[in-house]
Amino acid sequence: MAVCASAQLDDGGDGVRFELEGATPEAAFVVRFAGQVHAYLNQCRHIPVELDWQPGRFFDASGLYLVCATHGATYRAHDGVCIEGPCVGRRLQALRVIECDAAVWVAVQSGNE
Ligand code: FES
């Protein structure tokens, strides 16, 4: 499914929220980090709440890490692994994502169709 235009994602900047299509739509988001796009379900691994309290604001001030606004879990942007906070070692659920024709596309998960 198409999520947004490639130009909407600045490196380390605001992400784009979307709803992953399927029988049970799930909140998800895409961000750009080190030139690559990354997509995850928008669900903290500490408590299943969305990460961003300001819509689209997933990165910390440094633009290097994704942060949960509720209790501060800090995730690596490139693989979603929590490196600090209450769920260290757990990993955001990554989605398959590509850029094609200046747009960002996410694969609808099998089992969620
Ligand atoms: S709910 Fe995300 S760190 Fe607690």
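Each reported figure results from applying straightforward, stated rules to the coordinates on display, with no laboratory input. All values derive from a computational prediction rather than experimental measurement. Reconstructed Cβ throughout: ideal geometry from the backbone, glycine too, with neighbour counts over all protein chains shown.
Quick query: amide H of Arg90 versus all other amide H atoms, modeled in the peptide plane; which residues come in under 5 Å with a sequence gap of 5 or more or a different chain?
Close amide H contacts, sequence-distant or interchain: Cys82.
Once you place label points 7 Å from the Cα toward the Cβ at Ala2 and Ala107, how far apart are they in nm?
Roughly 2.1 nm, to one decimal.
Sequence-distant or interchain residues sharing an amide H contact under 5 Å with Gly13, placed H: which?
Hits under the 5 Å cutoff: Arg32.
HN-Hα J couplings of the range 87-99 from phi, Karplus 6.51/-1.76/1.60, θ = phi - 60°, integer Hz, Gly and Pro as x?
Running phi through 6.51 cos²θ - 1.76 cosθ + 1.60 with θ = phi - 60° gives 10, 3, x, 7, 9, 4, 7, 7, 10, 6, 9, 9, 10 Hz.
Hey, what's the Cα Rg ratio for the chain versus the globular rule of thumb, 2.2 N^0.38 Å? Walk me through the numbers on the way to the answer.
Working: Rg = 13.0 Å, N = 113, 2.2 N^0.38 = 13.3 Å.
Relative to the rule-of-thumb radius for its length, the chain sits at 0.98.
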